[in-house]
1. Residues that are under 22 Å from VAL69 (Cβ atoms) and free of Cβ contacts under 8 Å to residues at least 60 places away in the same chain: does segment 134-154 have at least one?
2. Quick test of your reading of the structure: LEU39 fulfils all but one of (1) modelled with pLDDT of 95 or more; (2) open to solvent by 60 Å² or more (accessible area, probe 1.4 Å); (3) closer than 22 Å to GLU259 by Cα. Name the failing condition by number.
3. ALA226 is checked against (1) buried (at least 20 other Cβ atoms within 10 Å of the Cβ); (2) within 28 Å of LEU53 (Cα to Cα); (3) small (Gly, Ala, Ser) and fails just one. What number does that condition carry?
4. Evaluate the following for LEU55: is it of a type in the set (A, V, I, L, M), crowded, with 16+ Cβ neighbours inside 10 Å and farther than 30 Å from GLU259 by Cβ?
5. On the given criteria, is ILE231 in contact with a Cys (Cβ under 7 Å, 6 or more places away or on another chain), surrounded by 18 or more Cβ atoms within 10 Å (Cβ to Cβ) and under 21 Å from GLY62 (Cβ atoms)?
6. For segment 134-167, which positions are closer than 23 Å to ASP75 by Cα and open to solvent by 10 Å² or more (accessible area, probe 1.4 Å)?
7. How many residues are free of Cβ contacts under 8 Å to residues at least 24 places away in the same chain and surrounded by 21 or more Cβ atoms within 10 Å (Cβ to Cβ) when one looks only at segment 244-265?
8. Looking only at segment 160-181, count how many residues are in a helix (DSSP H, G or I), without any contact (Cβ under 8 Å) to a residue 40 or more places away in the chain and either over 21 Å from HIS200 (Cβ atoms) or among the charged types (D, E, K, R) (or both).
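The values are calculated or read from the model by the stated rules, or taken from the named source; none is laboratory data. What you see is a predicted model, and the numbers here were worked out from it, not measured in a lab. Counting neighbours? That spans all protein chains shown, and the Cβs are built from the backbone with ideal geometry, glycine included. Note: areas computed on protein heavy atoms with side chains; ligands, DNA, RNA excluded. Shrake-Rupley method; radii C 1.70, N 1.55, O 1.52, S 1.80 Å.
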Amino acid sequence: MERSLPQVGTCILLAMIPATVREVADALADQRYIADRSLAVTIHLALQMGRPLFLEGEAGVGKTEVAKVLAATLDQPLIRLQCYEGLDAGHALYEWDYARQMLAIRLIEARGEGGGAAISDIMSREYLIARPLLEAVEMAADGSRPVLLIDELDRADEEFEAYLLELLSDFQVTIPEVGTVAAQEPPVVVITSNRTREIHDALKRRCLYHWIDYPSFEREMEIVTAKVPGIDQALAADLARAMEKLRNLDLFKPPGIAETLDWAAALNVLGAEVLSPEAAGDTLGVILKYEEDIERVRTAGVGGLLVAG
């Protein structure tokens, strides 16, 4: 039994989608996400064309946040599939609720019932546990257009990538015992990767691609100001300058934007109004997660992070 997205719901959802690149950028800014034009263009095209959005970049640069902001902007649910090694269809799509099925079988036996009809009852949708992929397709089939976040795909095995190909092409799921669930309008799909391994070209071809890089000094200042209301402009500039210098060092794990915001929050907790060498030295553990990186910064001189130029 195939289910399709109602046309009326589709019209409503299309009306909610920003119609121009400028509207996309403004909608993101309203959610305090500062995007450059190239990212806003890619998001705009993905929304209008109904194509998955594939975002790559270093950890902490705001890839996952794009999906969260889109869900808030479109006023749609966010469904998140966190990828990991060994992830399979049973955890990503659906699995049978075996405990409920066994209970149903005992009830059938107690009532003296049997036959094919009784067996088919326990192989129905009622006894399925929907995982993120099936949940997203079912919601789209029932009139919503949820935001499906497939986070850190590079952590999953290559076999799982192959499994995603059909879903991303047709946005339908076939369950042999139940039937086909199809979305007339696809959910908004955001796939992220930290590029710990290469993702296959076959999957990338089904998506619109964008690399999210570390922000410029000016953009990072703008992000900090937007995300930390009331922060002093001088402190925001100090943070952005220090981060720019840290990322130019030969660190094992350069800090991302998320660490910049954590640093600002930590300094607020300490009541620091400026990023002094003492404050920076005391809080290096907020932004650097490896002892070797911390020692490298201390050896180079924490004060050098605050020097302009």
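1. Yes, segment 134-154 has at least one match.
2. So the condition that LEU39 fails would be (2).
3. That leaves (1) as the condition not met.
4. Details: of a type in the set (A, V, I, L, M): yes; crowded, with 16+ Cβ neighbours inside 10 Å: yes; farther than 30 Å from GLU259 by Cβ: no.
Criteria not met by LEU55.
5. On the way: in contact with a Cys (Cβ under 7 Å, 6 or more places away or on another chain): no; surrounded by 18 or more Cβ atoms within 10 Å (Cβ to Cβ): yes; under 21 Å from GLY62 (Cβ atoms): yes.
Taking the combined requirement at face value, the residue does not satisfy it.
6. Step one: of segment 134-167, the residues closer than 23 Å to ASP75 by Cα are 134-151.
GLU135, GLU138, MET139, ASP142, GLY143, SER144, ARG145 - these are the residues of segment 134-167 that are closer than 23 Å to ASP75 by Cα and open to solvent by 10 Å² or more (accessible area, probe 1.4 Å).
7. First, the residues of segment 244-265 that are free of Cβ contacts under 8 Å to residues at least 24 places away in the same chain: 248.
This time we only want the ones that are surrounded by 21 or more Cβ atoms within 10 Å (Cβ to Cβ), so: none.
Total meeting the criteria: 0.
8. Within segment 160-181, residues that are in a helix (DSSP H, G or I), without any contact (Cβ under 8 Å) to a residue 40 or more places away in the chain and either over 21 Å from HIS200 (Cβ atoms) or among the charged types (D, E, K, R) (or both) number 2.
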